[in-house]
Amino acid sequence: MSKKVLGILAAVGILVLPVLASGPDSGLKVGETVTPFHPSHVTGSLKGTNSCPPCTFGSRPQVQVWVNDDDMKNVVAISEVLDKKMAGNKEFKAFVIVLTDKPEDTAKSLKQIAEKAGFKEVALAYLAKTDGAVKNYKVTVSGDVKNTVFVYKNKQVSEKFVNLKGDEKGLASLNQAITKVEG
């Protein structure tokens, strides 16, 4: 190969590498504002309603976890942390919103998960993948995005995670982000 061709290939590689290294993107960006939406709440203080979390709890510190075909063990690990955080702080609110094409099955599954895990505070809810809120929140529903997490206060996103892992490192990052908005 000529030096010119090799130079072009190297330049293309340099441009593509950061895109591949950053992973998938999903959701509102830090600094953007959360907007009204109406999931079906299976557990939590809004159980049995389709009340809007940002509307209901206004400027309070909140977390929304939008789940898109994530492993439920991961979702439970994240939800456990949120449930404990809520028990220790009545101002903090957290919602896990499962995106679905099968609302009845999802509702039943979420109820079973909450009972088995013993969740007392965290709200588990579901929303159709085709709901307009998915687009408004810029949540990607492709297979490479398992979850999108928004941490916010005063309806302004202060931290976002995509494909948050419910492991020690991931949960420590989430706890740190929540601590920032609680202050």
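The values are calculated or read from the model by the stated rules, or taken from the named source; none is laboratory data. Nothing here was measured: the structure is a model prediction, and the numbers come from that model. Note: ideal-geometry Cβ built from the backbone for every residue, glycine included; neighbour counts use all protein chains shown. Surface accessibility is based on the protein's heavy atoms, side chains included, excluding ligands, DNA and RNA. Shrake-Rupley method; radii C 1.70, N 1.55, O 1.52, S 1.80 Å.
Things to note:
- All of V181, V139, V145 fail the test of being of a type outside the set (D, E) and either out of contact with any Ser or Thr (no Cβ under 9 Å at 6 or more places or on another chain) or over 20 Å from P53 (Cα atoms) (or both), apart from V145.
- At least 3 residues being open to solvent by 10 Å² or more (accessible area, probe 1.4 Å) and not polar (S, T, N, Q) is the threshold, and among the strands (runs of 3 or more DSSP E) wholly inside segment 78-183 those reaching it are 156-162.
- Residue in segment 14-37 that is under 19 Å from Y137 (Cα atoms), in contact with a helix residue (DSSP H, G or I) (Cβ under 9 Å, 6 or more places away or on another chain), part of a loop (DSSP other than H, G, I, E, B) and open to solvent by 20 Å² or more (accessible area, probe 1.4 Å) present: yes
- Being open to solvent by 70 Å² or more (accessible area, probe 1.4 Å) and either part of a loop (DSSP other than H, G, I, E, B) or touching a Ser or Thr at 6+ places or on another chain (Cβ under 8 Å) (or both) is a property that K73 lacks.
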